[in-house]
Ligand SMILES: Cc1cc2nc3c(=O)[nH]c(=O)nc-3n(C[C@H](O)[C@H](O)[C@H](O)COP(=O)(O)O)c2cc1C
């Protein structure tokens, strides 16, 4: 199966990206995988100030996935700009990078775009509107406030020429409308989904298993929500979609493609199997040969709107 695909103005050598927050800034993985074999990766979400994150434990497993409450631990705008992005610019050529940003206020998003836009080494921004672990907003992500989506996306649009992907939430009862809001405000792509809010309790004590209490569900348990969200978005926009949530096997990526995703992202699967992303790329080629599908782009032929 031919895996190349044209999205966000560039040619991706394959549709597999590592998801935000699961691969740091790439440099953390150089001894683990060949980053240049990937379609690309999304950086950890960058906030204005450096953050140490939430109290431990910050991740916990359950039978069909994982929960995290990392709390956006990251080096902040200046640390990312001066230390992380230069490494990407000098070392990542074939894989395409999206820089993820997350604000606590609308203005923080704008300051992040302004502060990072002049850096080299990345194709565009992924605007994280959907972090469920952001205590400063009482855990309500911007993605669930349509006016905030419009304000943030249009303000980011006015500040950069680079492509913008809006990352939305799986638990949005009006997802189609939110997708349209993001598109009207200038998004070039939609990433679906971020983690789903969840809570696991220790049965003996009744205490939360994560230090922060609640957290975000990822992994196989999230896959049906992710595929549904991509399908729902597909019927509301012709923008390219980036599907994420529970991608592990080639069949999972294909399902996202069939739902309308142009690219897929993988996160949790890489914690159990660090080479899961490069295995997925090889597996997709084999899947295509076995099923007589000659190109990744052909998977979306049956969806309501094709875009790239
Ligand atoms: C440990 C961890 C940290 C994450 N950090 C971020 C982040 O900084 N920004 C973001 O947009 N999403 C973040 N996510 C969400 C992932 O990018 C992805 O949307 C989600 O995990 C679903 O994909 P998966 O099931 O393949 O892990 C994080 C997820 C995990 C598990």
Most fluctuating residue given options 157, 228, 289, as computed from a GNM of the chain linking Cα atoms under 10 Å: 289
Along principal axes, Cα extents of the stretch 1-145, largest first, whole Å: 44, 42, 31
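As a test of the formula, what do you get for the chain when each DSSP H run with n ≥ 4 contributes -39,500 (n - 2.57) and the sum is divided by the residue count, at 222 nm and rounded to the nearest 500 deg cm²/dmol?
On the way: 9 runs with 88 residues, N = 308.
Rounded to the nearest 500, the figure is -8500 deg cm²/dmol.
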Largest to smallest principal axis extent of the C-alpha atoms in the stretch 196-239, angstrom: 48, 17, 11
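What are the semi-axes of the equivalent ellipsoid of the stretch 101-193, taken as the square roots of 5 times the eigenvalues of the Cα gyration tensor, listed largest first and rounded to whole Å? Don't skip to the answer; put the middle values down first.
Numbers: eigenvalues 80, 44, 25 Å².
So the equivalent ellipsoid measures 20, 15, 11 Å along its semi-axes.
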Cα-derived Rg over Rh, computed across the chain with Rh taken as Kirkwood radius: 0.94
Sorted by Cβ density within 10 Å, fewest first, the residues 154, 205, 225: 205, 154, 225
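For the stretch 6-72, build the convex hull from the C-alpha positions and give me its volume per residue in Å³.
Convex hull volume per residue, Cα atoms: 135 Å³.
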Ranked 296, 287, 87, criterion: other C-beta atoms within 10 Å, fewest first: 87, 287, 296
Choice from 171, 194, 202 showing the highest fluctuation, given a GNM over the chain with Cα pairs closer than 10 Å: 202
Values of log10 I(q)/I(0), in the order q = 0.16 Å⁻¹, for the stretch 162-308 under a Debye, Cα-only, solvent-free model: -0.87
Relative exposure of 266, 1, judged by other C-beta atoms within 10 Å (fewest first): 1, 266
Most fluctuating residue given options 227, 33, 152, as computed from a GNM of the chain linking Cα atoms under 10 Å: 33
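Rule-based calculations on the coordinates, nothing more; no lab input. Fair warning: this is a prediction, and the values are worked out from it, not measured in the lab. Here Cβ is always computed from backbone atoms with ideal geometry, including for glycine, and neighbour counts include all displayed protein chains.
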